[in-house]
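Below is one structure, written out as structure tokens; comments come after it.
The values are calculated or read from the model by the stated rules, or taken from the named source; none is laboratory data. Model, not experiment: these values are computed from the prediction. Positions of Cβ are generated from backbone atoms using ideal geometry, with glycine treated the same way; all protein chains shown enter the neighbour counts. What goes into the accessible areas is simple: the full protein's heavy atoms, side chains included, and nothing from ligands, DNA or RNA. Shrake-Rupley method; radii C 1.70, N 1.55, O 1.52, S 1.80 Å.
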Number of protein chains: 2
Amino acid sequence: MDEVTHVAHVARIEKELRYVSGLVKQKGREMLNNYKITPPQFIALQWLSEEGDMTIGELSSKMYLAFSTTTDLIDRMEKSELVQRVKDEKDRRVVRIHLLEEGKRIIDEVIKKRQVYLQDVLVNFSSKEIVTLKENLIKLHQEMR
Amino acid sequence: MDEVTHVAHVARIEKELRYVSGLVKQKGREMLNNYKITPPQFIALQWLSEEGDMTIGELSSKMYLAFSTTTDLIDRMEKSELVQRVKDEKDRRVVRIHLLEEGKRIIDEVIKKRQVYLQDVLVNFSSKEIVTLKENLIKLHQEMR
DNA sequence: CATATTTGTTTTGTATGCGAAGAATGGTTC
DNA sequence: GAACCATTCTTCGCATACAAAACAAATATG
């Protein structure tokens, strides 16, 4: 592939990534309509669900947020009884965030809803295309990190 | 492909899409560090740059935002002289948003920066993989719309 | 002309996000 | 063990983001 063609491909990928990310954001927001959680709250719940209890620092790092932002986020999520702060016994500085029943219920429902949506989106993809797409995304994710 | 495998693939794609979108958001935010624009401002500038002058309504629709949100956004962008409101001569209700020099300069720079970043990310992709990724994303974008 | 519709703005309220300063705890050095 | 430093998290102040509801202006429609 000559240089010019390569650059053109990359430019197009950049553009499509912007569009797809925007759509993921938008569709994701719409899917939260009937639940009492916001997009960042969804992401926090998803992390807690996948990785178990985490400290404020760990969650901040996963979500690429400042500590202060996470503190506020967890304040609100605690108020709506989605999660609970638990002080670490060994190191009293550390606060561990624990997923509560209601949070678990909601995140499971929303994740399922997203997968149903995606199954619909992918209805015109062949089995082979699905596998390729999956592998592409995994590699892209790895390289972007 | 049997049903179970298919569902597993879709679930993985959903997950990777979340990760990639998150990274696009985060890396995008970092790349704006040296510029005096915010992420939504970047998206607005990108639309105006690609599609030319647009009304508040059109931009709201493209960005999936309420009118009131866009009004505020454009207020701030006008204050920092990135864009300018122009009243439509024919229909005095309509406000057309016009990209100014400074806005054009910044958006071009940032888009270029993103492409350079992506070229770096894709350095371990073969020519064939690049093409496949591009086609995958285009199709995914189409089907998500 | 009277009324309805379209297009944006204003108002109000909540959420997001960050940096700087502060508080509490834990570790280290002498 | 006192003084000092590092860490983990919270508080505060500020700007932005986002939306619903009320409002205003211009236009379309009967």
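Brief remarks follow.
- Condition check for A:S60: of a type in the set (S, T, N, Q), over 20 Å from B:V7 (Cα atoms) and open to solvent by less than 40 Å² (accessible area, probe 1.4 Å): yes
- Among the residues of the stretch B:67-82, those identified as over 17 Å from the mean Cα position of the chain (by Cα) and either more than 30 Å from A:V20 (Cβ to Cβ) or within 12 Å of DNA strand C (Cβ to nearest atom) (or both) are B:F67, B:S68, B:T71, B:D72, B:D75, B:R76, B:E78, B:K79, B:E81.
- Looking across B:S49, B:S21, one residue alone is within 13 Å of the chain's Cα centre (by Cα) and without any contact (Cβ under 8 Å) to a residue 24 or more places away in the chain. It is B:S21.
- Beta carbons closer than 9 Å, at least 6 apart along the sequence or on distinct chains, pair a first residue in the stretch A:98-113 that is under 15 Å from A:N34 (Cβ atoms) with a second that is hydroxyl-bearing (S, T, Y) for A:E102/A:S80; A:I106/A:Y35; A:I107/A:S49; A:D108/A:S49; A:E109/A:Y35; A:V110/A:Y35; A:I111/A:S49.
- Answer residue from the stretch B:54-66, given it is within 9 Å of DNA strand D (Cβ to nearest atom) and under 16 Å from the mean Cα position of the chain (by Cα) and is nearest to the other protein chains (Cβ to nearest Cβ) among those: B:Y64
- For B:I97, the conditions (1) open to solvent by less than 50 Å² (accessible area, probe 1.4 Å); (2) closer than 17 Å to B:S49 by Cα; (3) near DNA strand C (Cβ under 7 Å from one of its atoms) are fulfilled apart from (3).
- Check on B:I37, buried (at least 18 other Cβ atoms within 10 Å of the Cβ) and not in a helix (DSSP H, G or I): yes
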